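Undergrad: Have a look at this one.
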Amino acid sequence: MADTIFMALGTIAVLSAVFCVFQRNALAAAIWLVLTMLALAGMYLILGAPFIAAIQVLVYTGAIMVLFIFVIMLLHLGEGASDIRGPGAKAVGLVLSVGMGAFLLRLAGYDPALLAFELTGTTDLSPAAVFETAEVARQAAEGQGVIGAIAAPLFSTYLVPFEVTSLLLLTAIVGAVVLAKRRI
Amino acid sequence: MLLGPALAFSALLFSIGVLGVLIRRNAIVLFMCIELMLNAVNLTFIALAQYHGVGGQLMVFFVMAVAAAEAAVGLAIILAVFRHTTSVDLKTNTLLQG
C-alpha cells in the first residue's frame with residue numbers, strides 16, 4: 001500500500017515538475033512547483049522522515065514559494081511573450097538533460113544489499129548488520145520521539161553547522177534589506 | 001525500503017531541473033528550477049537516511065536553511081535588476097557577458 005502511494009506521489013512530483021519547466025506563465029509554473037514540493041513532502045513521510053516532511057511544507061511551500069509568487073505578482077510577470085529559448089538551445093538542453101537523467105537513472109538499481117556490498121566489499125554481512133546506525137536511530141526515535149531523535153544530534157554533533165546557519169540567515173536578512181533599498 | 005524508486009525519482013527531478021535551467025530565460029523561473037534541483041538532492045538524502053541514521057535528515061535541514069537564504073537574497077537581486085532594466089529576461093540582461 002505504502003509502495004503504491006509512494007509511486008503515485010513520485011509520478012505526481014515528476015509530472016508537475018515537467019509542467020513547471022514547460023509552462024510559459026511564470027505564476028502557473030510556480031503553482032506546479034508547489035504541487036511537486038507537496039508530493040515530495042508525502043514521499044518524505046513514507047520514507048520515515050515525518051519532521052522533515054512538516055518542515056518541507058512549512059519552509060518550502062509555505063515560505064519560499066510564497067516569496068516567489070509574491071515577486072512574480074510584484075513584477076507583473078503573468079502574461080507576455082514566451083521565455084523558452086529557441087530550437088537550438090532547446091535541443092542542446094534536451095540532449096544534455098536526457099543524457100544526464102539516463103546516467104543517473106542507473107541509481108534505480110540500488111537496494112540495501114547492493115549498498116552494503118559497496119560499503120564493505122563482501123556479501124557475507126547482511127544489510128542489517130552493516131547499517132547498524134539506522135537501527136540505533138530507529139531506537140532513538142522510539143525512545144525520544146521523532147523530533148527528539150533529530151534535535152539531540154543537532155545540538156551536539158552538528159552544533160557548529162547549526163550556529164553557522166544562524167549566521168548565514170542573519171547575513172541573508174541584512175543582504176536582502178540592503179538590496180531592496182531604492183538606492184544601492 | 002523503497003531505496004531504488006526514491007533514487008530514480010530523485011534522478012528524474014534533478015534532470016528536469018537541469019533542463020529548465022538550460023531552456024528558460026526568465027530569471028525567476030530559472031531560480032525555481034534551481035529549487036527543484038535542491039529538492040531532488042533532498043530526496044536522495046532522505047532515502048539514504050533510512051540506512052545511515054539521522055545525519056541525512058539533518059543535512060536536509062541545513063539545505064533548506066541555505067535555500068531560504070538563497071531565495072531571499074536572489075529574489076532581492078532580481079528585484080533590483082528589474083528596477084534597473086525593467087526586465088527579468090536574461091536575453092536583455094547581458095551586461096556581464098563582456
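Undergrad: Could you give me the radius of gyration and the Dmax of the protein assembly as shown, taking only the C-alpha atoms into account and expressing both in angstrom?
TA: 20.3, 66
Undergrad: Check each residue of the range A:14-59 and keep those whose accessible area, probe 1.4 Å, is at least 50 Å² smaller with all protein chains in place than in the chain alone; give them in order of residue number.
TA: A:14, A:21, A:33, A:40, A:44, A:47, A:52
Undergrad: Using 0.36 nm per residue of separation minus the Cα-Cα distance, give me the extension gain between residue A:139 and residue A:181 in nm, one decimal.
TA: Going from the current span to full extension adds 10.1 nm.
Undergrad: Putting +1 on Lys and Arg Cβ atoms and -1 on Asp and Glu Cβ atoms, find which of A:95, A:38, A:120 reaches farthest to the positive end of the dipole of chain A.
TA: A:95
Undergrad: Longest exposed-loop-site-free stretch of chain A, with trypsin sites (Lys or Arg not before Pro), DSSP loop and at most 10 other Cβ within 10 Å?
TA: On the way: sites that count: A:181, A:182, A:183.
The longest such stretch corresponds to A:1-180.
Undergrad: What number, in percent, do you get for the relative contact order of the range A:1-79 if the mean sequence gap of Cα pairs under 8 Å and at least 6 apart is divided by its residue count?
TA: Details: 73 pairs, mean separation 24.8, N = 79.
This gives 31 percent for the range A:1-79.
Undergrad: Right, another one. Note down the relative contact order for chain A as a percent, whole number, built from C-alpha pairs under 8 angstrom at least six residues apart. Spell out each step's value before the answer.
TA: Values: 103 pairs, mean separation 25.3, N = 184.
Over chain A, the number comes to 14 percent.
Undergrad: Here's a follow-up. Which order do A:111, B:89 take when ranked by solvent-accessible area (1.4 Å probe, heavy atoms of all protein chains), largest first? Please report the intermediate quantities before stating the final value.
TA: Numbers: A:111 70, B:89 40 Å².
I get A:111, B:89, largest accessible area first.
Undergrad: Could you rank A:122, B:92 by how accessible they are, 1.4 Å probe, largest area first?
TA: Numbers: A:122 55, B:92 90 Å².
Highest to lowest solvent-accessible surface, that is B:92, A:122.
Undergrad: Relative contact order for chain B using alpha-carbon pairs under 8 Å, separation at least 6, rounded to a whole percent? Intermediate values should be presented prior to the final figure.
TA: Numbers: 75 pairs, mean separation 28.2, N = 98.
Relative contact order for chain B comes out at 29 percent.
Undergrad: Along the positive direction of the dipole of the protein assembly as shown (beta-carbon charges: Lys, Arg +1; Asp, Glu -1; about the Cα centre), which of B:84, A:4, A:180 reaches farthest?
TA: The listed residue farthest towards the positive side: B:84.
Undergrad: What nm distance separates the two modelled labels at residue A:167 and residue A:147, each placed 7 Å from Cα along Cα→Cβ?
TA: My value for the distance between the label points is 2.8 nm.
Undergrad: By how many nm would the segment from residue B:81 to residue B:66 lengthen if fully extended, with 0.36 nm per residue of separation less the alpha-carbon distance?
TA: On the way: separation 15, 0.36 × 15 = 5.40 nm, distance 2.22 nm.
So the chain would gain 3.2 nm between residue B:81 and residue B:66.
Undergrad: About its Cα centre, how strong a charge dipole does the range A:131-184 have in debye, to the nearest 20, once Lys and Arg get +1 and Asp and Glu get -1 at the Cβ?
TA: Values: 4 positive and 4 negative charges, 143 e Å.
Approximately 680 debye in magnitude.
Undergrad: Related question: Using only Cα atoms and rounding to the nearest 10 degrees, what angle (0 to 90) does helix A:65-75 make with the longest principal axis of chain A?
TA: Tilt of helix A:65-75: around 10 degrees.
Undergrad: Hey, another quick one. Within chain B, which DSSP H helices have Cα atoms that stretch 18 Å or more along the helix axis and a mean Kyte-Doolittle hydropathy of at least 1.6?
TA: B:3-23, B:55-85
Undergrad: Where the only charges are on Cβ atoms (+1 Lys, Arg; -1 Asp, Glu), what is the dipole of the protein assembly as shown about its Cα centre, to the nearest 20 debye?
TA: Numbers: 12 positive and 13 negative charges, 279 e Å.
The dipole of the protein assembly as shown has a size of about 1340 debye.
Undergrad: Tell me the label-point distance for the pair residue A:2, residue A:120, using the 7 Å Cα-to-Cβ offset, in nm and rounded to one decimal.
TA: For residue A:2 paired with residue A:120, the spin-label model returns 2.3 nm.
Undergrad: Which ³J(HN,Hα) values in Hz, rounded to whole numbers, follow from the phi angles of the range A:81-91 under the Karplus curve 6.51 cos²θ - 1.76 cosθ + 1.60, where θ = phi - 60° and Gly and Pro get x?
TA: 5, 5, 9, 6, 5, x, x, x, 5, 4, 5
The values are calculated or read from the model by the stated rules, or taken from the named source; none is laboratory data. Note that the structure is predicted; figures quoted are calculated from it, not measured. Cβ coordinates were reconstructed from backbone atoms using ideal geometry, including for glycine residues, and neighbour counts include every protein chain displayed. These accessible areas exclude ligands, DNA and RNA; they are computed on the full protein's heavy atoms, side chains included. Shrake-Rupley method; radii C 1.70, N 1.55, O 1.52, S 1.80 Å.
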